[in-house]
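Notes follow the structure.
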Amino acid sequence: MSSETKQILTTDGIPLEVSLKKAEKKNKIKAFLLVAPLLLFLIITYVFPIGEMFSRSIDDKMITNMLPKTFKEMEKWDGKELPSEEVFTAFYYDYKVLVKKQEHGKLGQRLNKEKNGFNSITKKLFRQIKRKKIDESISIKEQIMKIHKRWRNVEYWQAIKRTAPPYTMSKYLKGMDMYYAADGSISQVEEDRRIHRILWLRTLEIAFFVTLFCFLMGYPIAHLLATLPMKYSNLLMICVLLPFWTSLLVRTASWMILLQQQGVVNDFFVMIGLVADDNRPEMMYNKVGTYVAMTQILLPFMVLPLYSVMKTISPSLMRAGKSLGGTPFVAFWKVYFPLTIPGIGAGCLLVFILAIGYYITPALVGGASGTLISNQIAFHMKQTLDWSFASAMGLMLLSGVLVIYWIYNKLVGVDNIKLG
Amino acid sequence: MALPSYTETRYRIWHYVYIAICTFVFFFLIAPLFVIFPLSFNAEEFLVFSEGMKNLDPDAFSLRWYKDMIYGTKNPWGLAAKNSFIIAIFATIGSIILGTLAALGLSSRHMPYKGIIMATLISPMIVPLIISGVAIFFFMAKVGLAATHTGIVLAHIILGTPFVVITVTATLSGFDHSVTRAAASLGSNPVNTFMKITLPLILPGVISGGLFAFVTSFDEVVVVLFLAGLENTTIPIQMWTGLREQLSPTILAVATCLIILSTLILISAELLRRRSERLRGINR
């Protein structure tokens, strides 16, 4: 080749490289425009709202806006001794504004979350203000301190100071059973009140065991489906696909009927003499029910990826393994099993992801000892209306799921997900 | 699965154990669905097999729960069924349109950032429903669509599109692009090519994705629990409240109808899958 390469031109006289790039770019834009409507729709209705959950979970602006003067004065306070006259005065005037706007109740509740016993002392202060008992011309500090002894306790003022920043991580700490102590350090709640940590562990435990059970039950039948002749396997495939297509609530309902104390499973146990008729075990509203029902419901998600991988493994490989002197077990373990690992990975990750966020089935058959973290999120969304805490817990769960999703994407690739 | 005659005894035993395990698992998968059928014809109010049913006494069976489902006083099932179908149909149409377009773009080899975009589009299927529910509820409440049919339809489009994207991309992976080039060289414009050439070929994938979207919407309860008002009650919501409060045999009658519906959907999905494989030239 000579050092000067001749530029190739298209018929229009434009260099081929430029023309090609232009065409490529056009194609790129065309492809992108096709994806754009869905992508935009999802970003607006789905991705942004999840981001909003994050800002909601750390948001603490309400109280910052309620006590502007107090927090300004508190900047000068070292937080060790009882605050100065100015802080008391500023708090008094902030509170008076809130009383006028009728928002003092909200403040009391918010402060009560920070430190127990706040609601009652703010209510006492409110009554004093309503009855115009507070003389603004003399020391307000003295008068407030007289209302209740807690106003003389520095811990309560420290609690107010802690609420000053507009953002807080306290909801995340609460989700892990921790909190900001009086001096601002992170502490653990007492052992007998660590409910959230139990829930996280239980969620992981149930997701892990459900995945394990699904694997142990799914592997043999996926193998059978992949090795049987087509006409039989198609028929058996219906056993996997019919539950897959059937409503989740219908399947949960059938488990509720089967597992109840007078239900078919217990009848069967009594019949074969496993348990006495008057001593039927409780199988619903506890972990047993959750395990059994979730395993059956998620089993198809294990079988389908395993099946699609096993289908591609040629039976001659096993025959070759055996003809080279391996026993059937050795041939299976050394040849067949390693080839199915991609399917195992896909199935296990899929089932684990689905199990960790399960809501409906645990809520119906789980009872108190079978509820998972999702149930706690729903509880805070619908009952306590602590939406920022629900958001924080949701995002903690989501970050776990996204890590698994990322691994799944690396191992299997999302575009390799197969359905049906 | 006949064993060759030279099989040793211990492998013969293991083979029967294996068959027994598989039989048990298949039974475990399918049997729970069948317990619902007979109980929905129970003449009594209890959800257990009565003595009469065990003895196949005809008096122990009745259609009263089906009658209750259709004509019962103050019954919510009529409204719920109507809502469920309306919402599912519109959500399916929306999912199919958005999902198919996106799949067409994603299958193009020119698509930039394919991996990350695909991961985003599939995410509603992966993110736990409870989180999707909370996020979608915040959005719908902000734009004033909470407790409206529109809001629920939009939510179900979000949840349904991943299935359409996956099935249509799978169909397109075996798609021979020379046919569209042939159409273009014969003077067809892109829209015409799509309607006359591409669409008929990918139609099985589109419809089976649509079936997934339909079932997802029809069966969805977590997000609807956050979004629905009294007017927007759906079949899953009614079943959820029923199962939580009192398990009445009417629910079993509804469940039986739903199992029949899902059987029909399963059959059509299977037929479509086979047709699609035939069209794409995959012989099995």
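The values are calculated or read from the model by the stated rules, or taken from the named source; none is laboratory data. Fair warning: this is a prediction, and the values are worked out from it, not measured in the lab. Note that each Cβ is placed from the backbone with ideal geometry, even for glycine, and that neighbours are counted across all protein chains shown.
Here the condition is being more than 9 Å from every other protein chain (Cβ to nearest Cβ) and aliphatic (A, V, I, L, M); of A:Ile14, A:Ile50, it holds for A:Ile14 alone. The single residue among A:Met271, A:Met294, A:Met302, A:Met310 that is closer than 25 Å to A:Val240 by Cβ and either surrounded by fewer than 22 Cβ atoms within 10 Å (Cβ to Cβ) or in contact with a strand residue (DSSP E or B) (Cβ under 6 Å, 6 or more places away or on another chain) (or both) turns out to be A:Met310. Residues of the stretch B:159-211 that are more than 25 Å from B:Met118 (Cβ to Cβ) and part of a loop (DSSP other than H, G, I, E, B): B:Leu186, B:Gly187, B:Ser188, B:Asn189. In the stretch A:256-277, the residues that are within 10 Å of another protein chain (Cβ to nearest Cβ) and part of a loop (DSSP other than H, G, I, E, B) form Cβ pairs under 7 Å with partners that are loosely packed, with under 15 Cβ neighbours inside 10 Å and not basic (Lys, Arg), at six or more places apart or across chains, as follows: A:Gln261/A:Glu282.
Applying the set (1) closer than 30 Å to A:Val264 by Cα; (2) modelled with pLDDT under 85; (3) not small (Gly, Ala, Ser) to B:Val25 leaves exactly one unmet item: (2).
One residue alone among A:Lys69, A:Lys21, A:Lys25 is of a type outside the set (A, V, I, L, M, F, W, C) and surrounded by 15 or more Cβ atoms within 10 Å (Cβ to Cβ), and that residue is A:Lys69.
I'm checking my understanding of the structure. Among residues of the stretch A:110-159 that are hydrophobic (A, V, I, L, M, F, W, C) and touching a Pro at 6+ places or on another chain (Cβ under 9 Å), which one is surrounded by the most Cβ atoms within 10 Å (Cβ to Cβ)? Among those residues, the one meeting the criterion is A:Trp157. Considering the stretch A:201-233, the residues that are out of contact with any helix residue (DSSP H, G or I) (no Cβ under 8 Å at 6 or more places or on another chain) and farther than 29 Å from A:Phe269 by Cβ include one that is nearest to the other protein chains (Cβ to nearest Cβ), namely A:Met230. Scanning the stretch A:348-401 for residues that are over 21 Å from B:Phe138 (Cα atoms) and in a loop (DSSP other than H, G, I, E, B), we see that the one that is nearest to the other protein chains (Cβ to nearest Cβ) is A:Leu372.
Residue by residue through the stretch A:50-81, note down the ones that are touching a Gly at 6+ places or on another chain (Cβ under 9 Å) and part of a helix (DSSP H, G or I). The answer is A:Ile50, A:Met53, A:Ser57.
Of the set (1) at the interface with chain A (Cβ under 10 Å from one of its Cβ atoms); (2) of a type outside the set (S, T, N, Q); (3) surrounded by 15 or more Cβ atoms within 10 Å (Cβ to Cβ), all apply to B:Ala60 but (1). A count restricted to the stretch B:73-114 and to residues that are more than 18 Å from B:Ile237 (Cα to Cα) and not hydrophobic (A, V, I, L, M, F, W, C) stands at 14. Do any residues in the stretch A:142-155 that are modelled with pLDDT of 80 or more have Cβ atoms under 6 Å from those of residues that are hydroxyl-bearing (Ser, Thr, Tyr), where the two are at least six apart or on different chains, and which pairs are they? Qualifying pairs under 6 Å: A:Arg150/A:Tyr156.
Results for (1) at pLDDT 80 or above; (2) touching a Leu at 6+ places or on another chain (Cβ under 8 Å), shown as yes or no for each residue.
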residue	(1), (2)
A:Leu241	yes, yes
A:Trp245	yes, yes
A:Leu249	yes, yes
A:Ala253	yes, yes
A:Val270	yes, no
A:Asp277	no, no
A:Pro300	yes, yes
A:Pro305	yes, yes
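A count restricted to the stretch B:97-144 and to residues that are over 20 Å from the mean Cα position of the chain (by Cα) and more than 7 Å from chain A (Cβ to nearest Cβ) stands at 12. Among the residues of the stretch B:221-267, the ones that are at the interface with chain A (Cβ under 9 Å from one of its Cβ atoms) and not in a helix (DSSP H, G or I) come to 2 in all. Within 11 Å of chain A (Cβ to nearest Cβ) and surrounded by 20 or more Cβ atoms within 10 Å (Cβ to Cβ), is that true of B:Pro190? Judged against the criteria, B:Pro190 is not a match. Considering the stretch B:31-66, and only residues there that are in a helix (DSSP H, G or I) and touching a strand residue (DSSP E or B) at 6+ places or on another chain (Cβ under 9 Å), the residue that is nearest to A:Val250 (Cα to Cα) turns out to be B:Pro38.
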